[in-house]
Amino acid sequence: MDTFEEAYESYKQQATPQANKQIGNDKEEIVAVRKNDEDNIIAIKTSTGRELDYPTALSEAKAGALANVDVFHKYGRDILRSEPDGIKENNLDELPDF
């Protein structure tokens with residue numbers, strides 16, 4: 001194992017054991033979004049039919065309750081985004097409206 005791989009393995013170990021587990025069936029997926037007139041996502045709908053406002057969706061994503069999304073900090077605030085997987089169709093901006 002070279003030094004780059006060692007550094008990455010060390011980095012992965014910084015996450016909690018729960019975060020290192022694969023996605024379980026207990027996580028909801030985002031299946032639809034609601035946008036405002038400026039095309040910003042203001043709410044999400046989950047695979048169980050729950051409709052969450054954006055701040056609640058952020059909180060649930062941070063807690064690990066939503067599958068396939070990340071929260072990152074940009075522009076001085078937290079932002080919800082799809083996990084990058086190279087599939088355009090499952091990006092939050094591409095999901096159907098509700």
| Out of all the residues in region 88-98, which are in a loop (DSSP other than H, G, I, E, B) and either of a type in the set (S, T, N, Q) or open to solvent by 80 Å² or more (accessible area, probe 1.4 Å) (or both)? | N91
| query | Which strands (runs of 3 or more DSSP E) does region 22-74 wholly contain that include 3 or more residues that are surrounded by 15 or more Cβ atoms within 10 Å (Cβ to Cβ)? | reply | 28-35, 41-46
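The values are calculated or read from the model by the stated rules, or taken from the named source; none is laboratory data. As the structure is a prediction and not an experimental result, all values here were calculated from the model. Cβ atoms come from the backbone with ideal geometry, glycine included; neighbour counts cover every protein chain shown. The accessibility values were calculated without ligands, DNA or RNA, using every heavy atom of the protein model including side chains. Shrake-Rupley method; radii C 1.70, N 1.55, O 1.52, S 1.80 Å.
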